[in-house]
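The structure appears below as structure tokens.
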Amino acid sequence: MSDNQGKKARRDEARERARAGREKERARRRRNRTLTISGIIVGGLAVVSAIVLVVATSVQPAGPGPANMASDGIVLHGVDGKIEPVTTKATGEGGKPTPTEQDDSVANITVYSDYMCPYCNQFETAQMAQIQQWVKNGSATLELHPFNLLDRVSQGSKYSTRSAAAAACVADSAPEDFLAYNTALYANQPSENTTGLTNDELASLAAKAGATGSDVRTCITDQRFAGWVADATNRVLNDPIPNSSLDKLTGTPTIIVNGKQYTGSLTDTDAFAAFVLQNGGKA
């Protein structure tokens, strides 16, 4: 082989090595580009999945209401000198509450209240002892409707919703302890513009009131009935109030006796007793 032929062969070999190197580099870039695009697609799908999960969670239908609150409230009546709850089935998912069928021969006292409302606490403290006596002797029934009018004054903690949902948990699983828990919630009422009790504290308060079951604690800490509280609140603030002439509620507490709204002093026991006597049926 001549020198010229040898040089040509070496040049051709160098060109082939350079071409192979360029092809290898192009292949490497194609692989990297493919991996990058795949990563973007996978990441995008993950983001979409997360968004779908959030949206799906946010639009889940409200669960069923608590047992023993078919009217959106719990009814208490006297049996052999004791106060007992009237048991009812839970309102099903998407269902509507069933208004209480009242006996006009007795005083049917219905109270709509918010556990953060100081005026509700005034009524509770002043009037509940004599109301309970009327219920025990059979001359009255008591129907309690907690709702969440004052969520805005608990610094974002939604205490009105959480406490009403906690009361619903007790009504659902330990209705015989509801009245004691209702009393305890007012006795431990937080001031407006505070965050109020935590869910754990609400659960501990229920246990002290007699509702010691683990199902009650879990229900309260999980806020199982928060959605129901929102629905019940929407109903009373927008729809006619059953067993009354009220188009809707405009404040708390709202006290109704056999269809008539009490608008007198919340703390004057004589004034309230006179109103009950005047409007409260034959008894």
Problem set entry | Using θ = phi - 60° and Karplus 6.51 cos²θ - 1.76 cosθ + 1.60, couplings along the range 257-266 (whole Hz; Gly, Pro as x) | 10, 6, x, 9, 7, 8, 10, x, 4, 6
For this session: Please label the shape of the range 218-270 as rounded, prolate or oblate, based on the square roots a ≥ b ≥ c of the eigenvalues of the alpha-carbon gyration tensor (a/c under 1.5 means rounded; beyond that, a/b larger than b/c means prolate, else oblate).
Result: oblate
Exercise. Which ³J(HN,Hα) values, rounded to whole Hz and listed in residue order, are derived for the range 191-203 from phi using the Karplus coefficients 6.51, -1.76 and 1.60 in 6.51 cos²θ - 1.76 cosθ + 1.60 with θ = phi - 60°, glycine and proline given as x?
Worked result: 6, 4, 6, 10, 7, x, 6, 6, 4, 5, 5, 5, 5
Seminar exercise, completed: Over the range 117-232, with neighbouring protein chains present, the accessible area per residue in Å² at probe 1.4 Å is 39
Exercise. Ordered by packing density, taken as the mean number of other Cβ atoms within 10 Å over each peptide's residues, highest first, how do 219-227, 245-253 rank?
Worked result: 219-227, 245-253
Exercise. How large are Rg and Dmax for the range 154-243 when only the alpha carbon atoms are used, in Å?
Worked result: 13.0, 37
Problem set entry | Radius 11 Å from Cβ of PRO118, net charge of other residues (Lys, Arg +1; Asp, Glu -1) | -3
Problem set entry | Convex hull per residue volume in Å³, alpha carbons only, for the range 88-217 | 120
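The values are calculated or read from the model by the stated rules, or taken from the named source; none is laboratory data. This is a predicted model, so every value here is computed, not measured. Here the Cβ is made from the backbone with ideal geometry for all residues, glycine too, and neighbour counts use every protein chain on show. All accessible areas refer to the heavy atoms of the entire protein, side chains included, with ligands and DNA or RNA removed. Shrake-Rupley method; radii C 1.70, N 1.55, O 1.52, S 1.80 Å.
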